[in-house]
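Any read-out appearing in this document is the output of simple, stated calculations on the displayed coordinates, not a laboratory observation. Not measured: the values here are computed from a predicted model. Here Cβ is always computed from backbone atoms with ideal geometry, including for glycine, and neighbour counts include all displayed protein chains.
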Amino acid sequence: MFSESLDQAEAMTELIRVLQDSENIVVLTGAGMSTESGIPDFRSDSGLWQDDELMQAMSVNYLRYFPERFWPKFKHVFLRPEYLQAQPNAGHLALGLLEGMGKRIQIFTQNVDGLHGVAGNTQVFELHGNFGLARCPICHTPYALNHILSEEVPHCVWENQKGVVCGHVLDPDTVLFGQDVRHYGRAQLAIANADVMLVLGTSLTVDPVAELPHFAIEQCHTRLIIVNMESTYCDKWAHLVIRGKVGEVLSQAVARVSSARDFPQRYRA
Ligand SMILES: [Zn+2]
């Protein structure tokens, strides 16, 4: 690992240099990206996932067999008012800023809160779906949050030409236990073509997403930069590992990328 010989200040300087030089950046984000926005790590030891019964209820089987019981539990876990009011933090905004500089930023996120899109990034691939969306499993009509919240168990209101309402209980867009992650092949393709892969706020413990940084190193020789509070199994292969809060680290780095790019322009003017 290149960064073993660097102190924190030198690691920041290297992060800035890599961001500066990279035009095609793939980003993988996890729960640590959103904790600074007040959204907890749903899978952490202290989280609701410690409740086995609740965890089993967040499965596609439970939804199919007990749709009326599923939705109140799903809302209890994911759709709390404080989560729905959460705003992008400095880390989300920094990634939005990087895209605003003209860099190609493709974000693959394990988070279901939609905050990368709110921060202005346009190429966001939600590997585990989005908690603010739902869809009818029968007629595939999509629904937004206001409809999901309008009744305890949201139903499809699509009406055919004869005036018959579909009426089926909706599926959340969020990927449930027993369902596959999305955009995995697209993530591999993006990684293969990227100048660098940033791994932000994820401890890389949930497969198959946790395999992606290893794929970057092993198959694509794409450089890896990891910013996370805890160690990950990929640290030993990474070009750079920075221990810290994603929002703090990334906003400081991107602010300096920004000013460095502006510098010659100011002198030209
Ligand atoms: Zn329907």
Would you calculate a helix-derived [θ] at 222 nm for the chain, using -39,500 (n - 2.57) for each DSSP H run of n ≥ 4 and dividing by the full residue count, to the nearest 500? -11000 deg cm²/dmol
Express in whole angstrom the spacing between the alpha-carbon centres of segment 97-137 and segment 176-236. 16 Å
Taking a straight Cα-to-Cα line shorter than 20 Å from K236, and setting aside same-chain aspartates and glutamates fewer than 8 residues away, one finds E4, D7, E10, E14, D195, D207, E211, E218
Phi angles of segment 207-217, converted by Karplus (6.51 cos²θ - 1.76 cosθ + 1.60, θ = phi - 60°) into ³J(HN,Hα) in whole Hz with x for Gly and Pro, give 7, x, 4, 4, 6, 4, x, 5, 4, 4, 6
Relative contact order of segment 34-130, pairs being alpha-carbon contacts under 8 Å that are 6 or more residues apart, as %: 22 percent
Can you work out the Karplus-derived ³J(HN,Hα) for every residue in segment 241-255? Use 6.51 cos²θ - 1.76 cosθ + 1.60 with θ = phi - 60°, whole Hz, and x for glycine or proline. 10, 10, 8, x, 6, 4, x, 5, 5, 5, 5, 5, 5, 5, 4
With R135 itself left out, Lys, Arg at +1 and Asp, Glu at -1 over residues whose Cβ is under 9 Å from its Cβ give -2
Between A144, A90, A192, where does the largest GNM mean-square fluctuation fall for the chain, given springs only between Cα atoms within less than 10 Å? A144
Only Cα pairs within less than 10 Å get springs; with that Gaussian network setup on the chain, which residue of P154, P67, P208 has the largest fluctuation? P208
Hey, what angle do you get for helix 8-21 against the long axis of the chain, alpha-carbon based, 0 to 90 degrees rounded to 10? 80 degrees
